[in-house]
């Protein structure tokens, strides 16, 4: 039996290692926004379907049938070993003044694994998730008739790459039980409160590149090319806590469940960490010779290894209220607030990784989410809303946006397990905020439509992984 367990875990770990490579490649196309040209690229909400469908609420959510990568304490509440991943597609409509563009992209989401013995109190979790991404390509053309009558000029800016975060964590649960009256003469022993604690250690890694070109149609002038490459790495941690308190529960005289209400609370904290960057930047004068771009001379070249910076501390906190009925129906309403103050560490970088006229800002997210389960053993329906403030400000105005999401989770029919399928859709808007809360006129605005398909796999119900046989 132990040998069989080792073989199964070996194949799961091999899958994680193999998939991590594809996550790094596909995750780099997650953001095609021109706003991703600043810093490490735009920060990506954790691409985990069960949480995205609820506006990103994760800190207080304890669902034993899915994985919650952003809350390390939640693993101890899993019913068994779980493997989870998803696919995401994005349609982005961009508008700036009279110019419009539409971009479609897709990516692989987070890959997460929880290893837990059914009925156990301790669980282990590991995985990899996209953290930030660059994927823009913009250009503009104009005629310069003032400076020596240079003529037509084309400016082109492009970027690619991204960063990902791999993590390994552990969590443990503590439960307290009490007797609930069932009629006048009987009672039922139930779990009335619980506390779950968890911790993760993570490694952030990846490379982002950007290129700016100045092409002059007049061949008597040299063109200019500026190329930048940044390879980032950072070791960090994440601590989480979740708790629930049974507010009330009702049973009839036959000890049949009639209904209950439960309060959930949760919080996470990630301390600040050092960010190391291998930075390379070259400014070159180039010319097309026989349709081949040839470097004529190098105006400047910078190559700095292990340039130091900081990733700021991050915290989130939230709560949820759950009502359950005797027919198996369930209603959950939840809320969460997250904050990460990049402005507080703006002076800690050896190099300027932001570039341009951008400055660091305080990032935050306010999320609301609901889940409705009409009856036992069926689908669950989710919806959410989030207000996002990104860690970038441009010309004094912070990049912000909103997202509205909805979706459903259904049991994987025929699997004879607790496996789940997830289908979700999200729409939103992103742009620079003015002082009165509206989008600045004449600046880049983005309307986003995203779809997602995810799966959470659990073992066949007879495969009691990590549980020794009672007999041979």
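The values are calculated or read from the model by the stated rules, or taken from the named source; none is laboratory data. Computed from a prediction, not measured in an experiment: that's the story for all the values here. Neighbour counts are summed over all protein chains in view; Cβ atoms, including those assigned to glycine, are modelled from backbone coordinates with ideal geometry.
Which residues, taken from the range 276-298, are outside any strand (DSSP E or B) and either in contact with a helix residue (DSSP H, G or I) (Cβ under 7 Å, 6 or more places away or on another chain) or within 17 Å of residue 225 (Cβ to Cβ) (or both)? Break it down stepwise before answering.
Step one: of the range 276-298, the residues outside any strand (DSSP E or B) are 290-291.
Result: 291, single match.
Within the range 150-168, identify whether any single residue is touching a residue at least 24 places away in the same chain (Cβ under 8 Å), assigned to a loop (DSSP other than H, G, I, E, B) and under 30 Å from residue 87 (Cβ atoms), and answer yes or no. Full working, then the answer.
Just the residues of the range 150-168 that are touching a residue at least 24 places away in the same chain (Cβ under 8 Å), to begin with: 150-168.
Next, from what is left, pick out any that are assigned to a loop (DSSP other than H, G, I, E, B): 150.
Filter again for under 30 Å from residue 87 (Cβ atoms), leaving none.
Checked the range 150-168: no residue is touching a residue at least 24 places away in the same chain (Cβ under 8 Å), assigned to a loop (DSSP other than H, G, I, E, B) and under 30 Å from residue 87 (Cβ atoms).
Hey, any hits in the range 311-329 for a residue that's at pLDDT below 95, assigned to a strand (DSSP E or B) and exposed (fewer than 14 other Cβ atoms within 10 Å of the Cβ)?
Checked the range 311-329: no residue is at pLDDT below 95, assigned to a strand (DSSP E or B) and exposed (fewer than 14 other Cβ atoms within 10 Å of the Cβ).
Confirm whether residue 213 is modelled with pLDDT of 90 or more, part of a strand (DSSP E or B) and in contact with a strand residue (DSSP E or B) (Cβ under 7 Å, 6 or more places away or on another chain). Give the steps one after another, and end with the answer.
On the way: modelled with pLDDT of 90 or more: no; part of a strand (DSSP E or B): yes; in contact with a strand residue (DSSP E or B) (Cβ under 7 Å, 6 or more places away or on another chain): yes.
Answer is no for this residue.
From 311, 296, which residue is touching a strand residue (DSSP E or B) at 6+ places or on another chain (Cβ under 7 Å) and farther than 27 Å from residue 60 by Cα? Can you show your working first?
Details: 311 fails: farther than 27 Å from residue 60 by Cα.
Exactly one of 311, 296 is touching a strand residue (DSSP E or B) at 6+ places or on another chain (Cβ under 7 Å) and farther than 27 Å from residue 60 by Cα, namely 296.
Scan the range 53-97 for residues that are under 15 Å from the mean Cα position of the chain (by Cα) and more than 22 Å from residue 423 (Cα to Cα) and jot them down. I'd like the intermediate steps shown before the answer.
Step one: list which residues in the range 53-97 are under 15 Å from the mean Cα position of the chain (by Cα), which gives 53-59, 67-72, 84-90.
If the condition is that a residue be under 15 Å from the mean Cα position of the chain (by Cα) and more than 22 Å from residue 423 (Cα to Cα), then 72 is the only one that fits.
Output the residue which, of all residues in the range 169-209 that are exposed (fewer than 15 other Cβ atoms within 10 Å of the Cβ) and under 20 Å from the mean Cα position of the chain (by Cα), is nearest to residue 129 (Cα to Cα).
203
For the range 356-366, which residues satisfy the criterion of being buried (at least 17 other Cβ atoms within 10 Å of the Cβ) and out of contact with any helix residue (DSSP H, G or I) (no Cβ under 9 Å at 6 or more places or on another chain)? Write out each step before concluding.
Filtering the range 356-366 for residues buried (at least 17 other Cβ atoms within 10 Å of the Cβ) gives 358-361, 363-366.
Scanning the range 356-366 gives 364, 365, 366.
Give the residues of the range 371-389 that are closer than 17 Å to residue 62 by Cα, crowded, with 19+ Cβ neighbours inside 10 Å and modelled with pLDDT of 95 or more, sorted by residue number.
First, the residues of the range 371-389 that are closer than 17 Å to residue 62 by Cα: 371-373, 380-384.
If we keep only those that are crowded, with 19+ Cβ neighbours inside 10 Å too, we end up with 371, 373, 380, 382, 384.
371, 382, 384 - these are the residues of the range 371-389 that are closer than 17 Å to residue 62 by Cα, crowded, with 19+ Cβ neighbours inside 10 Å and modelled with pLDDT of 95 or more.
Would you point out which residue out of 269, 264, 301 is over 30 Å from residue 325 (Cβ atoms), in a strand (DSSP E or B) and modelled with pLDDT of 95 or more?
269
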